[in-house]
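Please treat every number below as a calculation from the coordinates, not as lab data. Since the structure is predicted, the reported quantities are computational estimates derived from the model, not experimental observations. Note that each Cβ is placed from the backbone with ideal geometry, even for glycine, and that neighbours are counted across all protein chains shown.
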């Protein structure tokens, strides 16, 4: 084996670790080249959305289930942290952990009955969950602030060091996003991830191979809810304000679109989908009125021409062309 082949083999063998390292370095240096608070604020929002989408992709792309109500867990995390810190004077970090535990319990209690459903029935059940949570956030004025929202939420901090500007928040939010990314990458490469992939392919066949499909679906549902809760808490402490409009059914729909566009069953695609759909409103200010229509149109086009998602579809195209090229070279 030549040195060149050894290098290529090393890169292929450690491609995931090298990619994560490269992304980490790029994010570490990014504020040195881009110090515009508005741009940094946008990338910070991408980090928050990416955490939700990573968890949702585990549930949709790997477990083969469907959820149209993940904004409910996002909202419970945000309002839970807001109420815990402002109303009950609990420190933000412990509050975030307590709220994530509470959301995990809610997801477990709800997941046991609703995950008996599948297909459209499961989609409608999760959509109903989102509608109920959104209605509670909107109507329970004395606790949530109602339509006016909830303000005065403190920033996250370590001692006297507060994450109160965009650069500090960049490192905090992307640090947590990278940890979530590593968690998901390791999970899908483990025996649990292989079981989930089997479940997504064929639930009956997975059960025949010894996968406890019911437990697997519940566990991944709870994990995705916890990630959404953490993202919601970060959202609340980043912007110091939350309102019910940020956690409605259209937010859930946007999250599903992020998963589908990035690629169902693609962890890296989750980051791409979150980035694309978060930045898109900034690129089409003139079409703000038709935002939902444009999002729907993009989703339809992707499903028609690249049903695996943009990232997964493009990777498959490259692999196919590379294989055909090698076949021709071998034949020559």
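Treating the angle as unsigned and between 0 and 90°, give the value, to the nearest 10°, between the Cα long axis of helix 267-283 and the longest Cα principal axis of the chain.
60 degrees
Quick one: pull the percentage of alpha-carbon pairs in the range 132-243 with a separation above 23 Å. Please list the in-between numbers first.
Values: 3173 of 6216 pairs.
The answer is 51 percent, as a whole percent.
Given the options 317, 277, 96, which has the most mean-square fluctuation in a GNM of the chain, springs set between C-alpha atoms less than 10 angstrom apart?
Of 317, 277, 96, the most mobile in the Gaussian network model is 317.
For n ≥ 4 DSSP H runs only, could you compute -39500 (n - 2.57) per run for the chain, divide by its residues and tell me the 222 nm figure to the nearest 500?
Rounded to the nearest 500, it is -25000 deg cm²/dmol.
Multiply the residue gap between residue 121 and residue 189 by 0.36 nm, knock off their C-alpha separation, and tell me the result in nm, one decimal place.
Values: separation 68, 0.36 × 68 = 24.48 nm, distance 2.99 nm.
Gain in length upon complete extension: 21.5 nm.
For the pair residue 132 and residue 250, how long in nm is the line joining their label points, each one 7 Å along Cα→Cβ?
Going by the 7 Å Cα→Cβ label model, 2.5 nm.
Please rank 328, 217, fewest neighbouring Cβ atoms within 10 Å first, as an exposure proxy.
Working: 328 9, 217 22.
With the fewest neighbours first, 328, 217 line up as 328, 217.
Can you put 268, 322, 174, 140 in order of Cβ neighbours within 10 angstrom, beginning with the fewest? Present the calculation step by step, with values, prior to reporting the outcome.
Numbers: 268 19, 322 10, 174 23, 140 13.
Lowest to highest Cβ neighbour count: 322, 140, 268, 174.
P(r) tail for the range 183-223, what percent of Cα pairs lie past 14 Å?
Here the tail beyond 14 Å accounts for 40 percent of pairs.
Note the angle between two axes, namely the Cα long axis of helix 37-57 and the longest principal axis of the Cα atoms of the chain, as a number of degrees from 0 to 90, rounded to the nearest 10.
Roughly 70 degrees, rounded to the nearest 10.
Taking neighbour counts of Cβ atoms within 10 Å as a proxy for exposure, in what order, fewest first, do 124, 255 appear?
The fewest-first ordering by Cβ neighbours comes to 124, 255.
Each label point is 7 Å from the Cα along the Cα-to-Cβ direction; what then is the distance between the points at residue 87 and residue 165, in nm?
Result: 3.4 nm between the two label points.
What angle do you read, to the nearest 10 degrees and between 0 and 90, between the alpha-carbon axis of helix 3-13 and the longest principal axis of the chain?
In the chain, helix 3-13 runs at an angle near 40 degrees to the longest axis.
Compute the Cα gyration tensor for the range 13-286, then decide on rounded, prolate or oblate, letting a ≥ b ≥ c be the square roots of its eigenvalues: rounded whenever a/c is under 1.5, prolate when a/b is larger than b/c in the other cases, and oblate in all that remain.
Oblate, because a/c is 1.5 or more while a/b does not exceed b/c.
Residue separation times 0.36 nm, minus the C-alpha to C-alpha distance between residue 325 and residue 15: what's the value?
So the chain would gain 109.4 nm between residue 325 and residue 15.
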